[in-house]
1. Out of all the residues in region 84-125, which are assigned to a loop (DSSP other than H, G, I, E, B), polar (S, T, N, Q) and under 15 Å from the mean Cα position of the chain (by Cα)?
2. Applying the selection to region 160-171, what residues are over 15 Å from the mean Cα position of the chain (by Cα) and buried (at least 22 other Cβ atoms within 10 Å of the Cβ)?
3. One residue is enough: does region 131-152 have a residue meeting the conditions among the aromatic types (F, W, Y), within 17 Å of V33 (Cβ to Cβ) and in contact with a strand residue (DSSP E or B) (Cβ under 8 Å, 6 or more places away or on another chain)?
4. What is the residue count in region 80-95 for residues that are buried (at least 19 other Cβ atoms within 10 Å of the Cβ) and closer than 15 Å to G11 by Cβ?
5. What tally of residues in region 193-231 results from selecting those that are at pLDDT 95 or above, surrounded by fewer than 17 Cβ atoms within 10 Å (Cβ to Cβ) and part of a loop (DSSP other than H, G, I, E, B)?
6. Report yes if L61 is assigned to a strand (DSSP E or B) and out of contact with any Phe, Trp or Tyr (no Cβ under 9 Å at 6 or more places or on another chain), otherwise no.
7. Restricting attention to region 15-28, report how many residues are under 10 Å from the mean Cα position of the chain (by Cα) and of a type in the set (G, A, S).
8. Of D106, D101, D115, D136, which residue is surrounded by fewer than 23 Cβ atoms within 10 Å (Cβ to Cβ) and at pLDDT 95 or above?
Amino acid sequence: MSTSNVAIVTGGTGSVGRELLPLLVQRGFKIGVTYLVPEEATELEAQLESELDASDDELLLSRVDASDARAMEKFVQEVVDAFGGVNVLCCLVGGWTGGRDVEETDDVRFDRMIDINLRSSFNAVRATIPHLKKQDWGRIVLMGSRHAIETPSGQAAYNIAKAGVAALGRSVAVELSDTNVTCNVLLPSVIDTPTTRAELPYAEYVHWPKPEEIASVIDFLTSHRSAVIDGAEIPVWGAAQI
């Protein structure tokens with residue numbers, strides 16, 4: 001079975017998603033996007049309409065907590081029903097809420113990091129795989145972190161969650177090795193956004209990767225040109241020191 005290009009982008013109203021979605025629309029994708037902040041969804045719709053004249057028939061925006069497995073399954077099915085299938089999954093939901101060492105990490109902080117960074121990706125991947133396998137080709141891109149492989153102190157829960165995302169990517173790549181579906185994980189450092197600048201006001205952000213730079217790598221990984229890249233953990237931090 002084959003369908004026109006359809007992508008699911010979780011957390012697509014965030015900084016990287018707002019750079020990625022126009023690239024996908026330009027390539028002819030119909031896109032299902034999850035979000036949590038209504039204002040971000042409104043801004044994204046206005047952006048796409050003004051820049052690309054994207055219609056409601058090409059974009060399905062839904063307020064979904066990706067860490068809720070049933071909600072994610074329902075959303076994936078809605079996208080498939082609306083657009084006829086799905087070829088691409090980009091998991092952009094993630095976050096960092098401050099750090100502690102293992103000894104000081106309470107259950108609330110640990111669960112929060114696991115839910116935002118790992119469980120959200122796991123739920124999206126698990127719900128989407130059956131539909132990807134029905135297509136002639138498919139791409140999965142997960143958002144890991146540099147700290148999945150370099151583990152600084154003081155942020156144990158985040159390090160562990162992002163290492164789990166990397167392990168998820170490797171597992172999926174192996175499990176789908178006999179298909180035309182690839183799965184790769186990006187490893188950015190701190191991404192240069194207004195939020196991260198506010199959280200780290202004294203950091204030297206000149207070398208931090210920018211959202212549009214991350215989006216351009218994802219754009220490539222979701223294309224036919226990336227067919228030989230599978231199961232990779234790809235550094236995208238440039239000359240950043242953190």
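1. Keep residues of region 84-125 that are assigned to a loop (DSSP other than H, G, I, E, B), which gives 84-87, 92-101, 105-106.
Next, only the ones that are polar (S, T, N, Q) stay: 87, 97, 105.
The one that is assigned to a loop (DSSP other than H, G, I, E, B), polar (S, T, N, Q) and under 15 Å from the mean Cα position of the chain (by Cα): N87.
2. Scanning region 160-171 gives no hits.
3. Restricting attention to region 131-152, the residues satisfying the condition of being among the aromatic types (F, W, Y) are 137.
If we keep only those that are within 17 Å of V33 (Cβ to Cβ) as well, we get none.
The answer is no; no qualifying residue exists.
4. Within region 80-95, residues that are buried (at least 19 other Cβ atoms within 10 Å of the Cβ) and closer than 15 Å to G11 by Cβ number 7.
5. Here the count works out to 5.
6. Working: assigned to a strand (DSSP E or B): yes; out of contact with any Phe, Trp or Tyr (no Cβ under 9 Å at 6 or more places or on another chain): no.
Against the criterion (assigned to a strand (DSSP E or B) and out of contact with any Phe, Trp or Tyr (no Cβ under 9 Å at 6 or more places or on another chain)), L61 does not qualify.
7. 1
8. Numbers: D106 fails: at pLDDT 95 or above; D101 fails: at pLDDT 95 or above; D136 fails: at pLDDT 95 or above.
When all the criteria are applied, what remains is D115.
The values are calculated or read from the model by the stated rules, or taken from the named source; none is laboratory data. Keep in mind the model is a prediction, meaning the values are calculated, not measured. No Cβ is skipped: glycine too gets one built from the backbone with ideal geometry, and neighbour counts run over all protein chains shown.
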